[in-house]
Amino acid sequence: MSRQDINRSGEMEVFVSVVERGGFSAAAAARRMTPSAVSKLLARLETRLGARLVNRSTRRLQLTPEGCAFYERCIIILADIAEAERQASTGEQASGRIRINTSGSFGNHVLAPLVPAFMALHPAITLDISLTDRIVDLMEERADVAIRAGPLKNSSLIARKLGATGKIIVASPDYLSRHGKPRTIADLSHHCRIGFSYARAIEGWPLREGGETVTIPIIPGLQVGDGEAMRHLALSGAGLARLAAFTVRADIDAGRLVPVLEEANPGDIEEFYALYVGQGGHLPARVRALLDFLASHVRF
């Protein structure tokens with residue numbers, strides 16, 4: 001069979017039915033096919049992909065890691081096809097309110113500068129932006145999209161990567177004039193290190209020393225609940241802060257903040273994702289428009 005003869009969307013629809021209905025027989029009934037036809041289609045799909053998607057050795061359907069990844073992509077692709085057909089047939093324009101939840105740092109330094117261009121492209125869309133570093137439940141907060149740093153933990157959400165940023169330790173010139181500039185990791189014990197007041201994946205500052213990465217704990221003394229507040233504390237001369245590079249780049253260029261211990265920077269990065277509820281239904285045109293815009297315009 002030539003590549004042109006393969007009905008990829010049809011294969012995806014059958015595969016999704018198998019996953020969501022929990023087996024070949026239920027999927028066959030829903031698709032008006034025989035169970036053997038469904039089984040043969042899935043076998044052909046696996047052969048073409050060169051990967052096993054479903055383990056058949058158990059009574060209960062079990063997806064392989066490749067099957068899980070393929071299922072998630074199928075959901076997105078089929079939703080895109082449905083959305084394209086709906087817009088083509090109705091002339092639908094992306095419109096309505098989008099509720100966005102993100103951190104103060106991302107909201108102020110990345111999202112806000114992009115808002116005018118997005119609204120010019122989509123004048124029928126209104127934005128409702130909430131800024132907090134607190135991890136929120138999208139359903140509970142009635143948010144359409146959450147933008148967060150770090151790995152995806154909630155499997156009920158779909159993540160779209162927007163980019164990544166490095167981290168920098170900074171202090172104000174005033175603070176350094178009063179306390180001196182740390183030259184070694186050991187010098188940090190004599191400085192106020194501003195920490196976050198909420199739990200993080202790594203509780204401390206990872207730094208390079210002697211060819212190895214060590215984690216320097218933050219001694220409770222000055223803590224804050226969001227990155228933008230931490231930046232302002234550093235600007236005021238309250239202490240040293242380790243922040244995402246994109247949040248302090250302008251301050252460093254203007255001389256308001258000074259990088260310290262750059263030779264000990266381990267080069268770790270934070271990846272940012274747009275998180276949204278995408279399974280079990282079609283993604284609204286307004287949300288798809290925002291996700292596509294962010295994916296092509298966000299720069300760190």
Of everything in region 86-110, what is open to solvent by 20 Å² or more (accessible area, probe 1.4 Å), over 24 Å from Phe246 (Cβ atoms) and at pLDDT 75 or above? Give them in sequence order.
Ser95, Gly96, Arg97
Among (1) in contact with a Pro (Cβ under 9 Å, 6 or more places away or on another chain); (2) at pLDDT 90 or above; (3) within 25 Å of Arg160 (Cβ to Cβ) - the single one Glu11 does not satisfy:
(1)
When region 181-218 is examined, which residues are found to be of a type in the set (A, V, I, L, M) and surrounded by 14 or more Cβ atoms within 10 Å (Cβ to Cβ)?
Ile185, Leu188, Ile194, Leu207, Val214, Ile216, Ile218
Please list, ordered by residue number, the helices (runs of 4 or more DSSP H) wholly in region 1-80 having 1 or more residues that are acidic (Asp, Glu) and open to solvent by 50 Å² or more (accessible area, probe 1.4 Å).
8-21
Tell me which of these Arg178 doesn't satisfy, since it passes every other one: (1) surrounded by 11 or more Cβ atoms within 10 Å (Cβ to Cβ); (2) of a type in the set (Lys, Arg); (3) at pLDDT 90 or above.
(1)
Condition check for Arg142: open to solvent by 70 Å² or more (accessible area, probe 1.4 Å), modelled with pLDDT under 95 and farther than 28 Å from Ala274 by Cβ:
no
Residue pairs within 9 Å by beta carbon, gap of at least six or interchain, first lying in region 207-226 and within 16 Å of Ile169 (Cα to Cα), second part of a strand (DSSP E or B) and of a type in the set (Val, Ile, Thr), listed first then second, are Leu207/Ile169; Leu207/Thr213; Leu207/Val214; Leu207/Thr215; Leu207/Ile216; Arg208/Val214
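The values are calculated or read from the model by the stated rules, or taken from the named source; none is laboratory data. Not measured: the values here are computed from a predicted model. No Cβ is skipped: glycine too gets one built from the backbone with ideal geometry, and neighbour counts run over all protein chains shown. Accessible surface is based on the protein model in full, side chains and every heavy atom, while ligands, DNA and RNA are left aside. Shrake-Rupley method; radii C 1.70, N 1.55, O 1.52, S 1.80 Å.
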